[in-house]
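Input: a single structure, listed below in structure tokens.
The values are calculated or read from the model by the stated rules, or taken from the named source; none is laboratory data. These figures come from a predicted structure and were not determined experimentally. When we count neighbours, we look across all protein chains shown, and the Cβ atoms used for this are built from the backbone with ideal geometry, even at glycine.
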Amino acid sequence: MKLPLNASHWGAFRAEIEGGALKRITPFEHDPRPSPLNDAWPEMIASDLRVARPSVRKGWLEGDKGAGRGQDSYVEVDWPEALHLVAVEISRIRETYGNQALFAGSYGWSSAGRLHHARTLVRRFFASIGGFTDQETNYSYGAAMAFLPRVLGVNDAIGATVTSLETVRKHCDVFLAFGGIPAKNFEIQAGGVGEHKFDSFMAGITERVHTINVSPWRKDIEDHFGVDWLPIRPGTDTALMLALTQVIVETGQADQAFLDRYTHGADRYFDYLMGRSDGTPKTPDWAEGITGIPAAQIRELAASLPGKRVMLSLNWSLQRARHGEQPYWAAIGLAAALGQIGLPGGGFTFGYGSSNGMGNPNFRTPLFGLPTLSNRTGAAIPVARIADMLLNPGAPYRYAGEDRIYPDIKLVYWAGGNPFHHHQDLNRLRDAFRQPQTVVVNECFWTATARHADIVLPATVSLERDDIGGASRDRFLLAMRKLVEPAGEARNDYTIFADLAERLGGRDAFTEGRSEADWLQFAWQEISGKLAARGINPPEFRDFWDDGYFKMPTPSEDFVLFADYRADPEGKALTTASGKIELFNHGIADEPGQAGHPVWLDPEEWLGAPETQTYPLHLLTPQPERKLHGQMDSSAYVRAAKIHDRERLTLHPDDAAARGIKDGDTLRVFNARGACFAVAKIDDAVLQGVVLLPTGSTYDPDGLIDRGSNPNVLTRDIGTSELGQGCAAQSCLVEIARYDAPLPDLRVNHPPEFTTNST
Ligand SMILES: Nc1nc2c(c(=O)[nH]1)N[C@H]1C(S)=C(S)[C@@H](COP(=O)(O)OP(=O)(O)OC[C@H]3O[C@@H](n4cnc5c(=O)[nH]c(N)nc54)[C@H](O)[C@@H]3O)O[C@H]1N2
Ligand SMILES: Nc1nc2c(c(=O)[nH]1)N[C@H]1C(S)=C(S)[C@@H](COP(=O)(O)OP(=O)(O)OC[C@H]3O[C@@H](n4cnc5c(=O)[nH]c(N)nc54)[C@H](O)[C@@H]3O)O[C@H]1N2
Ligand SMILES: [Mo]
């Protein structure tokens, strides 16, 4: 008998159970590089930071109108009372203000397994009772999602089907990796990972292809791969790509036949590059002043590209910055000038190195999640405009070429996400979270978001329920078996929402008459049907369940993004305004502050800004190495890499010396928006003037100060632009100083205080 399998976004695993308890985790036998984070599960499922019982904030019960959110004690209640309170609130707000006043966009990664995906379930629930205000796009690549369809017609270059790595390995000559290919990002794939691919990815690339890491951080490609490093100031990649294109055009090396046949508006764009439209040619000398890269080096790089098979690889963090649309557009312009789009191993890809599956063969592993149902209000905001919405009800804003109005939200419901992890300028978000009348959160743990809620309902973790996991670009379909009984009184989100729907008249719409076990069977039927339709013979459910996985066959063809379009530009015309790749777009030209073609726009907070007088360091906030976002932050494994429970901040030796900082010193990191603590890690692999503090430490506010190391007290809460309105976290200036006083105690290491109801 095989041990039962389960999975996280960071990997599948098998479990030994003894006396009903989780004894030990063993890695999935087909995973070449399993994540050690799964070993933290036995500790985490029994953690005293689990939400054990439904809990109601004391001040809310006393009618404080939200004033005490984030600093209050809780009263534990039983399930019938908790469900009653939530249902009455939803019902009251729905009747008084309409369904649009219910905000349930609930952005967040939830957990692996598609049936119990909390964010899907909460939105399905609200759709089943008449609708809600939703969130569009995502934090990962929201700016690109909103803008790329206008210039490419589709979003395939970021998410769905990028050119497979196999093709790159065979055909590419130069792999220009903006933001590198960081090993840590391969830990993760939404839905569950069967096979971690980092080693095969890197072996495939670096052995044959001239790879250049263009990044402020040399270790975005680990040193032992021996690739070239081109250090660049954060947020300035657009300027580098404009200059590379300018040289190629000026020296007559642009592929004019490609540009004529496959692109629209190259002439308008090139007028800008040559300075004909604004008087400033975008030369290497011009770019040197912005990027910090010597002009001679830019010229040399430009000379090395024409005639070669060139892949421009830009990670997702480049567009999580002010004007983050532009580096992607500039890359499309450069790849077009080189005539590389649609060739095997050439062109551009957005997100190699941003998560495990990118570059995998196109397995198209079929998965099944409950449909979200249609949202009858039709209301949605761009995902990262949450605080703007809560603070400015009724205010106009611009997004995706439209004038819109922020709705007036009275109730916020979150399940499966952690805005007090993910959002920027958390002190501002805290003010925003005081605005609604009621905040409800389903959580497994006492996260910062749970601590800002009025009603907290305890949710199971994925090890406490049956599910099917996997990802479309991962080879393995995963049978996730319930391993242990739920901790405390935790319930599955499905059960919670089915019971709430019952009280609010939506049960049939929510459940469609199916139990959780029925949905599992139904999911397998759907998946089997899709496999069979593709000539793949699916196993019986029982066999799948006992084995723990089904392995997808490898597709026979290597995939090349835009090869179809290249082969048949008329028959396979793009769904853009011109049917071609748009290097000029009229709609974008009409937007305030935009040029209509790739353009260098001042990112405001960057190393070229006047504000560097006060805050001279550019703060980058990469994804954390040992965990997924804020998840598992309290585990011993994650804490072992911190010092005094504070995250390490990486800085250049010169920046450290200028401030009298030694390796291991405690630091205060600050700007006008807030401050947090960190511990110095001195490393000359980071560009001077840049500091790195990963995301994911639990926010523990004391006024504007976070007692912990959450960099989002420092980041700026502004859209990438009115075009994309994405998260712009990477455009942020700070100062740091040694902190010699004793560090404050972390309250978030303990559950909140519980009291009894005095009213
Ligand atoms: N400064 C800065 N900020 C960033 C970024 C950055 O680069 N820099 N990156 C951004 C990006 S790309 C992202 S994707 C976001 C990520 O932000 P989030 O996705 O919000 O972060 P997570 O910590 O994964 O939050 C998921 C939450 O769901 C809970 N959960 C898990 N399973 C279940 C379940 O079954 N039921 C319920 N009810 N809850 C469950 C977990 O306990 C966890 O608290 O962060 C963004 N924030
Ligand atoms: N271990 C782990 N892996 C993860 C996640 C996690 O939480 N933990 N989260 C997953 C999620 S939700 C997402 S969206 C992806 C995100 O994937 P990415 O966005 O690719 O990841 P980041 O770590 O934000 O950024 C990678 C590197 O980009 C570089 N960089 C930042 N700004 C610039 C710039 O302006 N120019 C250049 N050239 N380089 C720059 C930084 O040095 C940074 O180390 O990661 C996924 N993978
Ligand atoms: Mo993300």
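Some observations on this one:
Each row is one residue, and each column tells you yes or no for (1) small (Gly, Ala, Ser); (2) out of contact with any His (no Cβ under 9 Å at 6 or more places or on another chain); (3) surrounded by fewer than 24 Cβ atoms within 10 Å (Cβ to Cβ); (4) part of a helix (DSSP H, G or I).
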position	(1), (2), (3), (4)
Ala302	yes, yes, yes, yes
Pro306	no, yes, yes, no
Ser317	yes, yes, no, yes
Gly333	yes, no, no, yes
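- Only one of Gln297, Gln319 that is out of contact with any Leu (no Cβ under 7 Å at 6 or more places or on another chain), within 16 Å of ligand 1 (Cβ to nearest atom) and among the polar types (S, T, N, Q): Gln319
- Considering Thr621, Thr650, the condition of being at pLDDT 95 or above, among the β-branched types (Val, Ile, Thr) and more than 16 Å from ligand 3 (Cβ to nearest atom) is satisfied by Thr650 alone.
- Counted residues, region 213-242 - those being assigned to a helix (DSSP H, G or I) and either touching a residue at least 24 places away in the same chain (Cβ under 8 Å) or touching a His at 6+ places or on another chain (Cβ under 9 Å) (or both): 10
- Failed item, numbered, when Asp48 is tested on (1) within 30 Å of Asn185 (Cα to Cα); (2) crowded, with 19+ Cβ neighbours inside 10 Å: (2)
- Residues (of a type in the set (A, V, I, L, M, F, W, C) and outside any loop (DSSP other than H, G, I, E, B)) located in region 577-621: Ile581, Ile588, Ala589, Leu617, Leu619, Leu620
- Conditions (1) in a loop (DSSP other than H, G, I, E, B); (2) under 19 Å from Gly108 (Cα atoms); (3) within 16 Å of ligand 3 (Cβ to nearest atom): number failed by Ala448: (3)
- Between Thr211, Thr206, the distinction of being more than 22 Å from Leu37 (Cβ to Cβ), hydroxyl-bearing (Ser, Thr, Tyr) and modelled with pLDDT under 95 belongs to Thr206 only.
- Scan of region 106-116 for residues that are within 11 Å of ligand 1 (Cβ to nearest atom) and over 16 Å from the mean Cα position of the chain (by Cα), ordered by number: Gly113, Leu115, His116
- Yes/no for Ala87 being buried (at least 20 other Cβ atoms within 10 Å of the Cβ), aliphatic (A, V, I, L, M) and within 26 Å of Thr495 (Cβ to Cβ): no
- The listed residue being in contact with a strand residue (DSSP E or B) (Cβ under 9 Å, 6 or more places away or on another chain), within 30 Å of Tyr399 (Cβ to Cβ) and modelled with pLDDT of 95 or more, out of Lys580, Lys551: Lys580
- Applying the criterion of at least 2 residues that are outside the structural domain of Val162 (by TED's automatic domain parsing), on the phi < 0 side of the Ramachandran plot and touching a Pro at 6+ places or on another chain (Cβ under 7 Å) to the strands (runs of 3 or more DSSP E) found wholly in region 451-568 leaves 455-458.
- Every listed requirement among (1) within 30 Å of Ile588 (Cα to Cα); (2) touching a Cys at 6+ places or on another chain (Cβ under 8 Å); (3) of a type outside the set (Ser, Thr, Tyr); (4) buried (at least 24 other Cβ atoms within 10 Å of the Cβ) is met by Val713 save one, (1).
- In the set Val383, Val441, only one residue is more than 16 Å from ligand 2 (Cβ to nearest atom) and in contact with a helix residue (DSSP H, G or I) (Cβ under 9 Å, 6 or more places away or on another chain); that residue is Val441.
- Any hit, region 201-217, residues being away from ligand 1 (no atom under 16 Å from the Cβ), hydroxyl-bearing (Ser, Thr, Tyr), touching a helix residue (DSSP H, G or I) at 6+ places or on another chain (Cβ under 9 Å) and not assigned by TED's automatic domain parsing to the domain that holds Pro382: yes
- Check on Val151, more than 16 Å from ligand 1 (Cβ to nearest atom), at pLDDT 95 or above and of a type in the set (A, V, I, L, M): yes
- Ala146 within 16 Å of the chain's Cα centre (by Cα), surrounded by 24 or more Cβ atoms within 10 Å (Cβ to Cβ) and modelled with pLDDT under 95: yes
- Hits in region 335-376 (condition: assigned to a loop (DSSP other than H, G, I, E, B) and of a type in the set (A, V, I, L, M)): Leu338, Ile341, Leu343, Met358, Leu367, Leu370, Leu373
- Where a residue in region 489-514 is under 30 Å from Leu49 (Cβ atoms) and its partner, wherever it lies, is of a type in the set (Ser, Thr, Tyr) and assigned to a helix (DSSP H, G or I), with Cβ under 7 Å and at least six apart: Ala498/Thr511; Ala501/Ser128; Phe510/Ser128
- Hey, Leu601 closer than 21 Å to Leu334 by Cα, in contact with a Phe, Trp or Tyr (Cβ under 8 Å, 6 or more places away or on another chain) and in contact (Cβ under 8 Å) with a residue 40 or more places away in the chain or not: no
- Filter result for Thr575 (among the polar types (S, T, N, Q) and either in contact (Cβ under 8 Å) with a residue 60 or more places away in the chain or in contact with a Gly (Cβ under 7 Å, 6 or more places away or on another chain) (or both)): yes
- Which numbered condition Leu649 fails, given (1) away from ligand 2 (no atom under 16 Å from the Cβ); (2) in contact (Cβ under 8 Å) with a residue 24 or more places away in the chain; (3) not in a loop (DSSP other than H, G, I, E, B): (1)
- Residue, surrounded by the most Cβ atoms within 10 Å (Cβ to Cβ), within region 184-212, restricted to residues that are away from ligand 2 (no atom under 13 Å from the Cβ), more than 24 Å from the chain's Cα centre (by Cα) and not in a helix (DSSP H, G or I): Thr211
- Test: residue in region 535-543 that is among the hydrophobic types (A, V, I, L, M, F, W, C) and either within 30 Å of Arg92 (Cβ to Cβ) or under 31 Å from the mean Cα position of the chain (by Cα) (or both): no
- Exactly one residue out of Ala517, Ala432, Ala501 is surrounded by fewer than 24 Cβ atoms within 10 Å (Cβ to Cβ), within 24 Å of the chain's Cα centre (by Cα) and away from ligand 2 (no atom under 16 Å from the Cβ): that is Ala432.
- Residue pairs whose Cβ atoms lie under 6 Å apart, sitting 6 or more positions apart in sequence or on different chains, and linking a residue in region 420-437 that is assigned by TED's automatic domain parsing to the domain that holds Gly726 to a partner that is at pLDDT 95 or above and among the small types (Gly, Ala, Ser), do not occur here.
- Matching residues, region 129-143, being surrounded by fewer than 23 Cβ atoms within 10 Å (Cβ to Cβ) and either among the acidic types (Asp, Glu) or more than 8 Å from ligand 1 (Cβ to nearest atom) (or both): Gly130, Gly131, Asp134, Glu136
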